Amino acid sequence: MRKLLAIALGCTLFGQSSKAQYYFYNDKYYENAVVFEVGVTGGVMNSLTDLGGKQGIGKNFIKDLRWKTAKASYGLYVAANYMDKLTLRLEGTFGQVIGYDSILKNVAATTSGRYERNLSFKSKISEVQLALEVHPLMFGNFDDRDPALLSPYGIIGVGYYSFDPKAKLNGQWYSLQPLRLEGQGFKEYPDRKPYKLNQLNISTGMGLRYQLSSLLNARLEFVHRILFTDYLDDASTGYVNPALFSNYLSPNRAAIAQQLFDRKAEITPGDGSKAQDQRGDPKDNDAFFTIQFKIGITLGRQKR
């Protein structure tokens, strides 16, 4: 009786183990239902803000994108992969975004004053993102055939990122958020609130994963970040009365703010803006995105 119970128990455990595994594509490895992955990433980061862009009055999304402003980005990630169908990953991404109105010099006549505005910025970006990959082709039945080596997928996630827009004046870079160049927090502009340099974002995107071997895979991926701020470039609404800076800032900061809030005179001496003249476009928030190549190492596959 004991032998029969032992045999029955062994068969049950073996059956459960078999259901939790399936053959890998090269017939040399079993794969657990959940395997883990670690990897590195490298590519480019770019932004969509009020500054720079293409000819005309400015357009939404990628219609105003300039690839000249793309900068290098890099990162690393860890992920849990369920049967190659769903992947949950935690990823750190680091890079820089820039924008400058002087990029419009050759089409200045069409930009309705955007070139003459002459603003610019740069900002380092550090982001931690929790994202879900969905691989639709992997939801098929692979009992009698190998899984596809190439798998397109969609991405949705949430990120927490930091930024710090800066501008250059007389050879020195200054952080713009403390200068409150659009009157953020001034009682004269009650609708302009100070913005935080650490915020949440929503990420969406798509990618392609290719299985290089039983241990390695490669991905090419585009991920767009939807932001909840229009101040990635520190430009969003209108100009302020420069006399107000001395009421809210230290004398040193007020002097710097008075030079950075309006830079038209650097293009056309004597030119300047009046309070409430348009400085940015508050109708659309800023955004940034990455295009990255990823190499991942899979942990948890077992030899036959």
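Please treat every number below as a calculation from the coordinates, not as lab data. Since this is a predicted model, take the numbers as computed values, not measurements. Cβ placement follows ideal geometry from the backbone for every residue including glycine, while neighbour counts extend to all protein chains displayed.
Key figures for this structure:
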read-out	value
Kirkwood Rh in Å, taken over all unlike Cα pairs in segment 72-182	18.0
Between helix 2-19 and the chain: long-axis angle, C-alpha atoms, 0 to 90°, nearest 10	40
Angle between the chain longest axis and helix 251-260 axis [Cα atoms, degrees, rounded to 10]	80
Choice from 170, 32, 118 showing the highest fluctuation, given a GNM over the chain with Cα pairs closer than 10 Å	170
Burial ordering of 229, 110, fewest other beta-carbon atoms within 10 Å first	110, 229
Rounded to whole Å, sorted largest first: equivalent-ellipsoid semi-axes of segment 145-215, Cα gyration tensor	45, 17, 8
Relative contact order (%) - segment 147-262, alpha-carbon pairs under 8 angstrom, separation at least six	31
Least to most buried among 180, 219 (fewest other Cβ within 10 Å first)	219, 180
Value of [θ]222 nm, deg cm²/dmol, for the chain, DSSP H segments ≥ 4, -39500 (n - 2.57) each, nearest 500	-3500 deg cm²/dmol
Order of 206, 138 under a 10 Å beta carbon neighbour criterion, fewest first	206, 138
Residue with peak Gaussian network fluctuation, the chain [Cα springs, cutoff 10 Å], from 159, 52, 140	140
Two-decimal log10 I(q)/I(0) for segment 235-304, as the Debye equation yields it once each C-alpha is a single scatterer, q = 0.13, 0.16, 0.18 Å⁻¹	-0.57, -0.74, -0.86
Relative contact order for the chain, counting Cα pairs under 8 Å that sit 6 or more residues apart, in percent	22
At q = 0.21 Å⁻¹, base-10 log of I(q)/I(0) for segment 212-266 (Debye sum, equal scatterers on each alpha carbon)	-0.92
P(r) tail fraction, the chain - alpha-carbon pairs more than 25 Å apart, %	58
Calculated P(r) of segment 118-251 - Cα pairs past 26 Å, %	46
Cross-link table 63/274; 54/166; 122/294; 63/168, entries beyond 24 Å C-alpha to C-alpha	63/274; 122/294; 63/168
